[in-house]
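Undergrad: Submitted below is the structure of interest, expressed as structure tokens.
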Amino acid sequence: MRVTIDRIEEDVAVLLLDVEPVRRFTLPVALLPPGSCEGDVLTLLLERDEDETRAARARSAGFIARLRQQ
């Protein structure tokens, strides 16, 4: 998907998602590609991390099990 850098405010970039309705969200400037500036169009790629998802679910299940034992 594409996003446009609307503006950069200190260490935060305001991005516009190029779909209707337009959505605005922020991202730390440190995560932008080097040399990015206001008005640039970026490609944003989201990938599901199955290993991390499994690990997070295992941590949550362990936490819930400990709470139930109390």
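Undergrad: Only one of these conditions is not met by A13: (1) of a type in the set (A, V, I, L, M, F, W, C); (2) within 18 Å of M1 (Cα to Cα); (3) open to solvent by 50 Å² or more (accessible area, probe 1.4 Å). Which number is it?
TA: Only one criterion is unmet by A13, namely (3).
Undergrad: Considering each residue of region 16-30, count those that are loosely packed, with under 15 Cβ neighbours inside 10 Å and either in contact (Cβ under 8 Å) with a residue 24 or more places away in the chain or in contact with a strand residue (DSSP E or B) (Cβ under 8 Å, 6 or more places away or on another chain) (or both), and give that number.
TA: 8
Undergrad: Mind checking which residues of region 34-58 are under 16 Å from V3 (Cβ atoms) and open to solvent by less than 70 Å² (accessible area, probe 1.4 Å)?
TA: S36, C37, G39, D40, L42, L44
Undergrad: Which of the residues spanning region 4-13 are under 12 Å from G39 (Cβ atoms) and either in contact with a strand residue (DSSP E or B) (Cβ under 6 Å, 6 or more places away or on another chain) or of a type in the set (S, T, N, Q) (or both)?
TA: Start the filter on region 4-13 by keeping residues that are under 12 Å from G39 (Cβ atoms), which leaves 4-8, 13.
T4, I5, D6, R7, A13, listed by residue number.
The values are calculated or read from the model by the stated rules, or taken from the named source; none is laboratory data. Keep in mind that what you see is a predicted model, and the values were worked out from it rather than measured. Here the Cβ is made from the backbone with ideal geometry for all residues, glycine too, and neighbour counts use every protein chain on show. With ligands, DNA and RNA removed, areas are computed over all heavy atoms of the protein, side chains included. Shrake-Rupley method; radii C 1.70, N 1.55, O 1.52, S 1.80 Å.
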